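Here is the structure we will look at, set down as structure tokens.
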């Protein structure tokens with residue numbers, strides 16, 4: 001009888017050890033899966049966060065992380081990218097004009113073709129979010145003070 005109980009305990013210990021041996025790596029793998037990839041457009045939740053993520057994904061190569069027009073591809077460009085922190089310039093642009101240049105690229109507004117169109121990559125709502133995000137970078141609103149190009 002004692003032998004039988006001893007075997008039960010032995011097998012329970014082996015079974016528990018087996019479960020623990022497999023559970024720890026699975027828990028570690030699950031933790032890795034939960035780490036956030038901040039280049040993923042779903043990394044930030046909500047509309048404002050989505051716009052920030054889209055800006056990071058599509059705009060920072062030319063306009064830079066802070067929007068100053070100094071991204072890694074800026075040096076190779078014939079026409080420097082717009083400085084999105086320049087409130088003096090951007091306050092002369094309507095939201096519709098900004099939307100149009102993001103959606104249709106530079107040529108849509110008579111600018112360089114270095115600015116590509118994003119209408120095939122982003123929805124109208126996402127582009128509106130980008131306009132809102134650019135307004136946070138320049139800390140400005142449209143002011144009708146004269147035509148600027």
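The values are calculated or read from the model by the stated rules, or taken from the named source; none is laboratory data. Quick caveat: nothing in here was measured; it's all calculated off a predicted structure. Note that we place each Cβ from the backbone using ideal geometry, even for glycine, and neighbour counts take in every protein chain shown.
Scanning segment 103-149 for residues that are surrounded by 18 or more Cβ atoms within 10 Å (Cβ to Cβ) and under 17 Å from the mean Cα position of the chain (by Cα) yields 118, 122, 126, 127, 128, 129, 130, 131, 133, 134, 135, 137.
Out of all the residues in segment 117-134, is one or more farther than 17 Å from residue 51 by Cα and either in a loop (DSSP other than H, G, I, E, B) or touching a strand residue (DSSP E or B) at 6+ places or on another chain (Cβ under 9 Å) (or both)? Scanning segment 117-134, I find no residue that is farther than 17 Å from residue 51 by Cα and either in a loop (DSSP other than H, G, I, E, B) or touching a strand residue (DSSP E or B) at 6+ places or on another chain (Cβ under 9 Å) (or both), so the answer is no.
If you take the residues in segment 135-145 that are assigned to a loop (DSSP other than H, G, I, E, B) and within 14 Å of residue 97 (Cα to Cα), which one is modelled with the highest pLDDT? Among residues in segment 135-145 that are assigned to a loop (DSSP other than H, G, I, E, B) and within 14 Å of residue 97 (Cα to Cα), the one modelled with the highest pLDDT is 141. Only one entry of 60, 66, 92 meets the criterion of being in contact (Cβ under 8 Å) with a residue 24 or more places away in the chain and surrounded by 15 or more Cβ atoms within 10 Å (Cβ to Cβ), and that entry is 92. Remark: residue 100 falls outside the filter, which requires a residue to be closer than 14 Å to residue 51 by Cα and surrounded by 16 or more Cβ atoms within 10 Å (Cβ to Cβ).
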